[in-house]
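Values quoted throughout were computed directly from the atomic coordinates according to the rules given, and no laboratory measurement underlies them. Keep in mind it's a predicted model, so treat the numbers as computed, not measured. All Cβ positions, glycine included, derive from the backbone under ideal geometry; neighbour counts span all protein chains shown.
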Amino acid sequence: MIESKYFQIAVDAAKKGQATWTNPQVGAVIVKNQQVLAVGYHHQFGQRHAEIDALAQLADISQAKRATMYVTLEPCSHYGKTPPCAKRLAEVGIARVVIGQSDPNPLVSGKGIAILRAHGIQVDLLGETLGLNVAYNYFYQHQRPLVTLKYAMSLDGKINGAKKERTVLTQTAAQQDTQRLRQHQQVILVGEHTLSIDNPRLTVRTGSMVFPPIRAALVRHIDDVDRQSHLFDQSAPTWFFSETAASTKLPANIQAFVNPHWTPKAIVQKLADEGIQSLLVEGGSHLQADFIAAELVDDLVIYVAPMLLGGSGLPAVIGQSLTEQVGFEKPTISMLGPDIRISTRRV
Ligand code: AOF
Ligand code: ZN
């Protein structure tokens, strides 16, 4: 069980990396004579990898000789933004490497382990992630981002009242939870109706982020979007999926992808092409229904506010009939102040 203790330290270190963007969160621990000599992690996209960060914490590099490294992900084998870690571990004399998971990135997968073994290093693969890099792994397994659909609704399943304006449903705790959810997404998408009615900011307001999620909206004509809307405030990179091109130059940080017939599948494919590993679909009803109908929802997060809206307000998911029921796993339920949070994953 000593092994799992050191591995847990590496996992906890990995989670400190809050700006790794599309790179994985990785942690590494160097142990010798049952003593933890160094703990490192990948701090930020483009910066040194966890293994090198751990080596840098050693008082003297000669301490690495005959030591064991516990690392959450297979050490890399490629010359990317930094030289290959597997080679460096061999150079400094690491004797054994305990690895959480092999790297699903085809650039590295299996090759890092092969380099270590070729240098006579003992390699033990735990086959365990302890919840790290869910979207990163999903992306390389399915060649598309992991899609989470999130909405808030009343007890009668509505997202707004009869009036054509934003209805406030959930209270502070649920709103803060949404901020946390957004923080771990690479792209947040809304539909045109939500854009015009809610004028959402789609930003993370829990503190400044090096790589804030990209804000995205599906619109018919980007020229028709009010330039005063929050999405044009340049506070985060913003992508429009538009049927027509912009007739005037767009401000810095704002891009339009043009396709006369955007579908959820085409959007997800475009995001995959851009290397995006996670997508949060926020609303409204039509966009949500289209993603469900296209079978492109992997995770659901639903907030239920204890109120009835009645009348002719919009339902949370509208208008799409499904050829078959879409089943989800047994949900996890918690209370956030007066609101209920339900999360579940596609079976
Ligand atoms: C990281 N941090 O601690 C480890 C990574 O673009 P590069 O050169 O930084 O390489 C990114 C790839 O390196 C990443 O997709 C993964 O395959 C491998 N390992 N990456 O960012 C790390 N160990
Ligand atoms: Zn590396």
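At the listed q of 0.13, 0.16, 0.17, 0.19 Å⁻¹, the Debye profile of the stretch 144-345, built from one uniform point per Cα, gives log10 I(q)/I(0) equal to -0.71, -1.11, -1.26, -1.57. Here the simple spin-label model places points 7 Å from the Cα toward Cβ, and for GLU295 and SER208 these points are separated by 4.6 nm. Full extension of the chain between HIS261 and GLU128 gives 43.8 nm of extra length, using 0.36 nm per residue less the Cα-Cα distance. If the chain linking ASN199 and SER235 were pulled fully straight, counting 0.36 nm for each residue of separation and taking away their Cα-Cα distance, it would gain 11.5 nm. The alpha-carbon of LYS249 sits under 29 angstrom from the alpha-carbons of these lysines, leaving out residues fewer than 8 places away in its chain: LYS265, LYS270. Cross-link partners for LYS163 among the aspartates and glutamates, with Cα-Cα distance under 17 Å and sequence neighbours closer than 8 places in the same chain left out: ASP198. Working ranking of peptides 46-57, 171-182, 262-273 by packing, defined as the average number of other Cβ atoms within 10 Å per residue, highest first, is 46-57, 262-273, 171-182. Ignoring lysines fewer than eight residues from LYS330 along the same chain, the ones with Cα atoms less than 26 angstrom from its Cα are LYS150, LYS158.
Run the paramagnetic zone check for SER102: 7 angstrom along Cα to Cβ, then residues of the stretch 11-55 with backbone nitrogen under 20 Å. Inside the label zone: 24-27.
Applying 1/(1 + (r/R0)^6) with r as the Cβ-Cβ distance of GLN228 and ALA272 and R0 = 35 angstrom yields a FRET efficiency of 0.60.
Rounded to the nearest 0.05, the FRET efficiency derived from the C-beta distance between GLU3 and GLU329 at R0 = 22 Å is 0.15. With a cut-off of 18 Å, note down the residues of the stretch 190-224 whose backbone N falls inside the zone around a label point 7 Å from the Cα of GLN18 toward its beta carbon. Hits in the stretch 190-224 for GLN18 at 18 Å: 203-214.
Taken as Cα centroids, the stretch 170-212 and the stretch 290-307 sit 16 Å apart, rounded to the nearest whole angstrom. Within the stretch 21-43, what residues put their amide N at less than 17 Å from the label point 7 Å along the Cα-to-Cβ vector of GLN63? Label zone hits: 28-41.
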